[in-house]
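One structure is given here, and the rest of the page talks about it.
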Amino acid sequence: MKVYISADIEGITGIVHDDQTFGTSNEYALGRKLMTNDVNSAIEGALKAGADEIYVKDAHGNGRNILLNELKKEAFLIAGWDIMSSMVQGIDETFDALILIGYHSKIGTENGILAHTMTGCIKQLSINNNPIGEPELSALTAGYYNVPTVFIAGDQTAVKELSAFINDIPHVITKYGMGINTGKLIHPDLTKEAISEGVSKALSNLSKFKPFKISPPLNMSLKLSLPKMADLISLVPNVKRVDIDEVSYLADDVLSMLKMFRVMLGLAWSLR
């Protein structure tokens, strides 16, 4: 069994503030350790279920957060950042399952701890008029390669949002958000055990999961934080200007959509 684990940091056990997610402070040092611990719990669960090949993608910030020397040696670590598939870099049809660890809810979600979508340039990402966040985007990318998403660990808002797209996906709630920088936290010993058991159970019942897919065409719309970002992006061929701060693109498949999404993000980022 070949398993892919994608790990973000905002949904990790104990994380409630940006100070814990980047920088040089002791809080970030602890955040890295907490992230590594949650990922190790997922690896333990995968091994219990019989996985013989495990890849972990460090899917936060610069992709260099997980502590390699503390990561379980049975897993490969994909560090750094690529342009294309980013949070699931390297995933393809050879994988049997995708596991999401430390994921958060989309920008603007009530009580979502550190809720956002990709970068500070985005106010809303939608596909076929349905707003989505990073969990759904990763699951959709995996689905393009016929890889099912079988488990998520994050705060209650991330779990709720992904469950709206993938019915009752197995999950562990790592904390309960009460606002953007506040929440009811759960002890790491408890989430460690729950993540390990949850991943093991999900992977032991792979036949019940199907890849997450949305039937084409895919109408992707992007609301930007600044109108000038939409000005620039609307110059790209086949991109439609929807509103002063919104653009859209009609894609024939997920791969085409992802390529245009990365172009849009790059142009928006250049004007931040």
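The values are calculated or read from the model by the stated rules, or taken from the named source; none is laboratory data. All values reported here derive from a predicted model rather than from experimental measurement. As a convention, Cβ positions derive from the backbone with ideal geometry for all residues, glycine included, and neighbour counts pool all protein chains shown.
Does the range 1-14 contain any residue that is over 17 Å from residue 154 (Cα atoms), in contact (Cβ under 8 Å) with a residue 24 or more places away in the chain and in a loop (DSSP other than H, G, I, E, B)?
The answer is yes, given that some residue of the range 1-14 is over 17 Å from residue 154 (Cα atoms), in contact (Cβ under 8 Å) with a residue 24 or more places away in the chain and in a loop (DSSP other than H, G, I, E, B).
With the checklist (1) part of a loop (DSSP other than H, G, I, E, B); (2) under 19 Å from residue 4 (Cα atoms) in hand, flag the one item residue 137 doesn't pass.
(1)
Within the range 43-66, take every residue that is of a type in the set (A, V, I, L, M, F, W, C) and part of a strand (DSSP E or B) and give me the one that is surrounded by the fewest Cβ atoms within 10 Å (Cβ to Cβ).
54
Of the conditions (1) more than 14 Å from the chain's Cα centre (by Cα); (2) under 23 Å from residue 171 (Cβ atoms), residue 59 fails just one. Which one is it?
So residue 59 meets the others, but not (1).
Pick from the range 160-188 the residues that are among the aliphatic types (A, V, I, L, M), surrounded by fewer than 24 Cβ atoms within 10 Å (Cβ to Cβ) and within 17 Å of residue 202 (Cα to Cα): which of them is modelled with the lowest pLDDT?
166
So which residues in the range 34-83 are hydroxyl-bearing (Ser, Thr, Tyr) and within 16 Å of residue 138 (Cβ to Cβ), if there are any at all?
Within the range 34-83, 55 is the sole residue that qualifies.
If you take the residues of the range 15-42 that are hydroxyl-bearing (Ser, Thr, Tyr) and assigned to a helix (DSSP H, G or I), which of them is surrounded by the fewest Cβ atoms within 10 Å (Cβ to Cβ)?
28
Looking at residue 69 and the list (1) surrounded by fewer than 19 Cβ atoms within 10 Å (Cβ to Cβ); (2) touching a Phe, Trp or Tyr at 6+ places or on another chain (Cβ under 9 Å); (3) part of a helix (DSSP H, G or I), which single condition is not satisfied?
Result: residue 69 passes all but (2).
Being surrounded by fewer than 16 Cβ atoms within 10 Å (Cβ to Cβ) and either over 30 Å from residue 254 (Cα atoms) or at pLDDT 95 or above (or both) is true for just one of 204, 196. Which residue is that?
Testing whether each residue is surrounded by fewer than 16 Cβ atoms within 10 Å (Cβ to Cβ) and either over 30 Å from residue 254 (Cα atoms) or at pLDDT 95 or above (or both) leaves just 204.
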